[in-house]
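Chemist: The following block contains the structure, expressed as structure tokens.
The values are calculated or read from the model by the stated rules, or taken from the named source; none is laboratory data. Note that the structure is predicted; figures quoted are calculated from it, not measured. All Cβ positions, glycine included, derive from the backbone under ideal geometry; neighbour counts span all protein chains shown.
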Ligand code: URA
């Protein structure tokens with residue numbers, strides 16, 4: 001694991017093995033979706049490691065004991081459309097009580113700037129830990145805009161789970177939002193002239209949904 005206070009790159013062999021399969025151009029759409037799900041499960045484990053917990057008294061069939069239970073804020077998980085949807089089920093399977101918000105942003109292919117076209121968020125974001133989902137943190141413009149959107153709606157605790165990030169994207173998000181914790185499977189080399197991550201995996205949405 002390579003970690004700073006606000007960036008964690010998960011180097012676990014299972015994560016890296018699955019990421020290699022995910023990147024492979026011969027991986028089918030069905031397999032790609034499954035790998036995104038499995039990788040997100042593993043990254044969610046890391047991204048939620050600092051959720052507050054508390055001691056509770058329980059009774060096993062044999063005796064009383066003190067167990068630990070997650071306390072404090074509840075979770076809101078917010079996929080950034082459309083590729084972030086591919087990561088949603090994995091988070092919900094680990095945090096079934098989470099509320100779900102959706103943020104629709106597309107990237108203007110010429111300016112590379114984000115355009116917001118749909119936002120539907122839980123009302124009580126101020127009382128929740130927000131987990132944004134986007135498989136590819138590329139220029140960081142859309143992620144920074146999504147963070148802005150949830151903060152405007154009241155969020156004070158925001159983390160991002162991405163599968164692959166470019167250094168430029170991490171820097172861009174942390175320039176505006178140094179408090180946001182980012183968990184990724186890989187920090188890649190950089191971006192090409194079209195804003196795609198290198199070596200990356202291509203267009204995550206197209207590969208998830210078979211649209212190309
Ligand atoms: N979005 C993607 O799907 N892939 C990239 O490489 C960059 C942005």
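Chemist: Working carefully through the options 76, 90, find the one that is touching a residue at least 40 places away in the same chain (Cβ under 8 Å) and closer than 21 Å to residue 208 by Cβ.
Modeler: 90
Chemist: Do you know which residues across segment 187-202 are within 12 Å of the ligand (Cβ to nearest atom) and more than 14 Å from residue 139 (Cβ to Cβ)?
Modeler: Within segment 187-202, 189, 199, 201, 202 qualify.
Chemist: A further question follows. Being in contact with a strand residue (DSSP E or B) (Cβ under 9 Å, 6 or more places away or on another chain) and either surrounded by fewer than 20 Cβ atoms within 10 Å (Cβ to Cβ) or modelled with pLDDT under 95 (or both) is the filter here, so list the residues in segment 182-198 that pass it.
Modeler: Those that are in contact with a strand residue (DSSP E or B) (Cβ under 9 Å, 6 or more places away or on another chain) and either surrounded by fewer than 20 Cβ atoms within 10 Å (Cβ to Cβ) or modelled with pLDDT under 95 (or both): 187, 189, 190, 191, 192, 195, 196, 198.
Chemist: So, one more: Does segment 27-34 contain any residue that is out of contact with any strand residue (DSSP E or B) (no Cβ under 7 Å at 6 or more places or on another chain), at pLDDT 95 or above, surrounded by fewer than 12 Cβ atoms within 10 Å (Cβ to Cβ) and not in a helix (DSSP H, G or I)?
Modeler: yes
Chemist: Are there any pairs with C-beta distances below 9 angstrom linking a residue in segment 128-150 that is more than 19 Å from residue 187 (Cβ to Cβ) and within 16 Å of the ligand (Cβ to nearest atom) to a residue that is in a loop (DSSP other than H, G, I, E, B) and at pLDDT below 95, with the two at least 6 apart or on different chains, and if so which?
Modeler: 145/113
Chemist: Can you tell which of 101, 169 is within 14 Å of the ligand (Cβ to nearest atom), crowded, with 22+ Cβ neighbours inside 10 Å and free of Cβ contacts under 8 Å to residues at least 60 places away in the same chain?
Modeler: Result: 169 is the single residue among 101, 169 that is within 14 Å of the ligand (Cβ to nearest atom), crowded, with 22+ Cβ neighbours inside 10 Å and free of Cβ contacts under 8 Å to residues at least 60 places away in the same chain.
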